[in-house]
Every structure is written in C-alpha cells, then in structure tokens.
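The numbers here are math on the coordinates, done by the rules we state, and not lab data. Everything numeric in this text was worked out from a predicted model, so none of it was measured. No Cβ is skipped: glycine too gets one built from the backbone with ideal geometry, and neighbour counts run over all protein chains shown.
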Amino acid sequence: MLLVQGVSKKYGDKFVLRNVNLSIAAGDFVSMIGPSGAGKSSLLKVITKEEGFHTGKIFVDGEDIDFIKGNQIGYYRRKIGVVFQDFKLLSRKTAFENIAFALEMAGKGSKEINDIVPKVLALVSLEDKAHRFPRELSGGEQQRVAIARALIHKPKLLLADEPTGNLDANTGWEIIQLLQRINNFGTTIIMATHDQNVVNAIRRRVIAMEDGMVVRDQASGRYVT
C-alpha cells in the first residue's frame, strides 16, 4: 500500500525528514509516535503531496507519486482520507453539508450526495446530528464528522494526524475505536500521535520517529521507550 524509500526533506538548512524508509501493507494499522518536530506531520504531508520532498521515492498503491502532477493531484487525494487534530470543519455548514461539500467539489450530483452522506454519518453514529452546526457538536462529534468526510471516497488509505489531540481521554478512546472499526473493513490506517497510552492500547505496529528519522519499527505489542 505504501512504500517510502530514502525520503529526505528540509526547510532551508534544517532537515525535517532524514532518509526515511518504511513499507506498510494494505490493511495495516500503524501508529507513528514521537515528540513535536519529530517529522510525523511532515511525512504525512509529503504522502498527500501537500508538500514536496528533496530526495527519495514514495509509492502509494504501486503508484510513484512523483509522476502525479497538476489536476491529477485531486484524483490522487481521493484515494487518501485525511483526519486532522483541529477537525477543519466549515463553521457555517451543518455536519451533512460539510460532508456534502467535499462531494460537490468532486463533481457529484445531489442524488448521489443524498445517498452517500447518510451512510457515512451512520457509520460514525451521527445520523441524529446531521443538521447540527459544528458549534452545536462536542469535540468528539466534530471529529466523527471529519472522519466521515475523510471516508466519502472510500479511500484505501486513511491518514490521521493527532486525531485525539484536542479530546479528553474517554472521547479520544472512542475515536480510536472508530478508527479500528474502519481498519477492520480493510482501510489501511496511519495515525500520527505523541500519546504512548493510545499506542499501547491499540497494540498494533508502531513506528517511532525522532529528529526526522525512523528510530524504531515495532511489529506489535506494548511500546516501551
């Protein structure tokens, strides 16, 4: 599903990624752990082509992303769902409208939108909150809307960047359980986090990063620093 070969990236003279190598199979659930500035978010950004990188190669589902350019980038990103720490919902749109807007941008018609949106809202258990605005939703509910939005194109790969960072422990664990359920449907998940307790609760593969480098790749079990 994902192959990263010798990827390095820098801002000016400062490296944020240093010769990163990793391979993630389809259906995996991988936690990337490390402190702020370790390179976790930078790696996710180069995978989505939000930012470029200086050396190395990245293959997603067998495709060399170097060759994805121009209007092809939008189509490529539909293969990838992205969930952020700060939700990134549109404040003047309801939960339904936030999800529908992403479909509208992809050129979907109202019939298809009205078919898809209720299904993904049901998947994240928010059918009864479809017409609520973000300000009327709890943090956990807003994150569920964001996850639903990330799933609308049925992505093979879901990237979650600190998805529990703005949530309390109980709500955060509910989000992790939702991500695990999505993974059970076959979606590959890469989750960046600094929370070792979350990683230990999941007990799946852990990739540790420090100073832009992969310093540890542990198959499963409890992660101990």
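At-a-glance table
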read-out: Breaking point among (1) in a helix (DSSP H, G or I); (2) within 12 Å of the chain's Cα centre (by Cα); (3) more than 25 Å from ARG92 (Cβ to Cβ), for ARG181; value: (2)
read-out: Test for ILE113: is it surrounded by 17 or more Cβ atoms within 10 Å (Cβ to Cβ), within 21 Å of the chain's Cα centre (by Cα) and not in a loop (DSSP other than H, G, I, E, B); value: no
read-out: Segment 184-225 - residue that is polar (S, T, N, Q) and assigned to a loop (DSSP other than H, G, I, E, B) and, of those, surrounded by the fewest Cβ atoms within 10 Å (Cβ to Cβ); value: THR225
read-out: Total residues in segment 126-148, condition outside any helix (DSSP H, G or I) and either touching a helix residue (DSSP H, G or I) at 6+ places or on another chain (Cβ under 7 Å) or free of Cβ contacts under 8 Å to residues at least 40 places away in the same chain (or both); value: 6
read-out: Tally of residues being of a type outside the set (A, V, I, L, M, F, W, C) and either free of Cβ contacts under 8 Å to residues at least 24 places away in the same chain or at positive phi (or both) across segment 183-196; value: 2
read-out: Any strands (runs of 3 or more DSSP E) falling wholly within segment 1-78 and containing at least 1 residues that are surrounded by fewer than 14 Cβ atoms within 10 Å (Cβ to Cβ); value: 2-11, 14-24, 55-60
read-out: Number of the exception - LYS88 against (1) farther than 25 Å from ALA38 by Cα; (2) not β-branched (Val, Ile, Thr); (3) not in a helix (DSSP H, G or I); value: (1)
read-out: Selection within segment 152-167 - farther than 18 Å from ALA192 by Cβ and buried (at least 20 other Cβ atoms within 10 Å of the Cβ); value: ILE152
read-out: Residue satisfying all of: in segment 1-38; of a type in the set (S, T, N, Q) and over 30 Å from PHE185 (Cα atoms); nearest to the chain's Cα centre (by Cα) among these; value: SER36
